[in-house]
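This report refers to the structure that appears directly beneath it.
Values in this text are rule-based calculations from the coordinates and carry no lab data. The shown structure was predicted, so the numbers you read here are calculated from the model rather than taken from an experiment. Neighbour counts run over all protein chains shown; Cβ positions are idealised from the backbone, glycine included.
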Protein chains: 2
Amino acid sequence: MALSFISPLLPHHDHNRCREKALQTADRICDNRGVRLTPMRRQVLELIWESHKAIKAYDLLERITPKAGTTKPVTVYRALNFLMEQGLIHKVESLNAFIGCSFSDHQHQQLLLTCSNCQEVEERPAEAVMEAIDRELEQASFTIYYKAIEIHGLCTHCAKIDATANHIIE
Amino acid sequence: MALSFISPLLPHHDHNRCREKALQTADRICDNRGVRLTPMRRQVLELIWESHKAIKAYDLLERITPKAGTTKPVTVYRALNFLMEQGLIHKVESLNAFIGCSFSDHQHQQLLLTCSNCQEVEERPAEAVMEAIDRELEQASFTIYYKAIEIHGLCTHCAKIDATANHIIE
DNA sequence: GTTATTATGTTACTATATAACATTACTTTA
DNA sequence: TAAAGTAATGTTATATAGTAACATAATAAC
Ligand SMILES: [Zn+2]
Ligand SMILES: [Zn+2]
Ligand SMILES: [Zn+2]
Ligand SMILES: [Zn+2]
């Protein structure tokens, strides 16, 4: 129980395990759904999972290996669209960047906490928030298709550094 | 009491009054703060307030009158940045577009409801949602700088049309 | 009026994303 | 298993969004 409640954003968490789990889950999900996690799509997902920082399409583009530099934007965007459709990644709308989904194995809604200092993004189900939004939408008689709940600020770790030293950039 | 509770998004509301009120409020706010709502900035604000639809920077650009077509992107973005700093407009991050703020005369937090059919955006204070977010951020020990709460879907009006006829574009 | 500050103009560029059509790789089924 | 159909990727070109750096103009402060 203890370990599984450690936030993925703790600075020294076992990110290899984090990434491997996400990739295995992706393999399984795509297999179950009869959709193809092709080498290109998987590589984009792997690159996204190299950290919890949101990554931009053109940064992915530079890092795709089959003759790095020859892959074109549209290829990356197609892979990104596939991964979003399958719920394997999320777009951070306010950054034009992408993160791996931490809860891809079940239907969920998420709030994204983006640290302006370290750029890491924490995805949280925030159920109480989602319920409050549902109530608000009901009052407004609004039929929801898509939701982007994004918060920018300082994560715990960076806020502590900020309190100690005093050299936050942003 | 009755009139003031009519949603600004009702199809036939008195939008002239809506716009004039917003512009007068902007004049007053800028005057009070000792900042300058220059002709360029005011024109951008006027163009934004022509409707409740979110409008894109390059669409504004096309509509700026001093020799329409000669104004450069940077001019519009500078005006937009000023208006955002003064809280007179909001950016809809998930659309790369802008709307006039409906509550610029007091400090507030907002949730944005964007209709995928008619493109109108309704700004709502949604205090219960904001409180739920505050609690979530406290739990996460996250220090907030900026918040984007954006919902896409169908407004009441368009949902009704959808129910009657059946030709929603999206 | 001169100086400082703020706003806008100008040129050039960087960054983000898609359209349209050709080719390749997989899947289906005769 | 060959042919046909479908899905994925490649290719070329373009559309859309946003900024850097420096010049000029307008306003404010002294
Ligand atoms: Zn991790
Ligand atoms: Zn997720
Ligand atoms: Zn109105
Ligand atoms: Zn507002």
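Set the Förster radius R0 to 45 Å, insert the Cβ-Cβ distance between A:K72 and A:K160 as r into 1/(1 + (r/R0)^6), and round the FRET efficiency to 0.05.
My answer for the efficiency is 0.60.
Other chains near B:123-129: what is the mean number of their Cβ atoms within 10 Å of each residue's Cβ?
Shielding by partners across B:123-129 averages 5.
Which distances, in nm and shortest first, link the B:M84 label point to the same label point in every other copy, taking 7 Å along Cα→Cβ?
1.9
Please report the relative contact order for chain A, taking Cα pairs under 8 Å with a sequence separation of at least 6, and give it as a percent rounded to a whole number.
Over chain A, the number comes to 20 percent.
Could you pull the Cα extents of segment A:15-169 along its three principal axes, largest to smallest, in whole Å?
Computed over segment A:15-169, the largest-to-smallest principal extents equal 47, 45, 28 Å.
Using 0.36 nm per residue, how much length does the chain from B:H12 to B:Y58 gain when fully extended, once their Cα-Cα distance is taken away?
In short, 13.8 nm is gained.
Let's test this: bin the Cα-Cα distances of the protein assembly as shown at 10 Å from zero up to the farthest pair and state each bin's percent.
Taking every Cα pair in the protein assembly as shown, the percentages come to 5, 21, 29, 27, 14, 4, 0.
Write down the percent of antiparallel bridges among all DSSP beta bridges whose residues are both part of chain B, to the nearest 5.
In chain B, DSSP labels about 65 percent of beta bridges as antiparallel.
Pop a pseudo-label 7 angstrom from the Cα along the beta-carbon direction at both A:M84 and B:T65 and give the gap in nm to one decimal.
Result for the modelled spin labels: 3.8 nm.
Assign unit charges at the C-beta atoms only (+1 for Lys and Arg, -1 for Asp and Glu), then state the dipole size of chain A relative to its Cα centre in Debye, rounded to the nearest 20.
So the magnitude is around 780 debye.
May I ask you to sort B:L61, B:L88 by Cβ crowding, counting other Cβ atoms within 10 Å and putting the fewest first?
The fewest-first ordering by Cβ neighbours comes to B:L61, B:L88.
With an 8 Å cut-off on Cα pairs and a minimum separation of 6 or more residues, tell me the relative contact order of segment A:54-133 in percent.
Contact order relative to length: 23 percent.
Mind checking the dipole of segment A:83-161: about its Cα centre, +1 per Lys or Arg Cβ, -1 per Asp or Glu Cβ, Debye to the nearest 20?
My answer is approximately 240 debye.
Quick check: from the Cα gyration tensor, does segment B:80-163 come out rounded (a/c under 1.5), prolate or oblate?
In terms of gyration-tensor shape, oblate.
Of all DSSP beta bridges in the protein assembly as shown, what percent run antiparallel (nearest 5)?
Working: 31 of 41 bridges.
Percentage antiparallel, nearest 5: 75.
Looking at the square roots a ≥ b ≥ c of the eigenvalues of the Cα gyration tensor of segment B:14-86, which shape do they give, rounded for a/c under 1.5, prolate if a/b is larger than b/c, or oblate? Write out the running numbers ahead of the final one.
Numbers: a/c = 1.93, a/b = 1.23, b/c = 1.57.
Verdict is oblate for segment B:14-86.
Based on alpha-carbon centroids, what's the gap between segment A:57-107 and segment B:30-80 in Å, whole number please?
34
Gaussian network model of chain B, Cα springs within a sub-10 Å range: biggest mean-square fluctuation belongs to which of B:N81, B:N117, B:N32?
B:N32
Leaving out same-chain residues fewer than 8 places away, which lysines sit with a Cα under 20 Å from that of B:K72?
Cross-link targets: B:K56, B:K91.
So what is the 222 nm mean residue ellipticity for the protein assembly as shown from helices alone, if each DSSP H run of at least 4 adds -39500 (n - 2.57) and you divide by all residues, rounding to the nearest 500 deg cm²/dmol? Present the calculation step by step, with values, prior to reporting the outcome.
On the way: 12 runs with 142 residues, N = 340.
So the calculated ellipticity at 222 nm is -13000 deg cm²/dmol.
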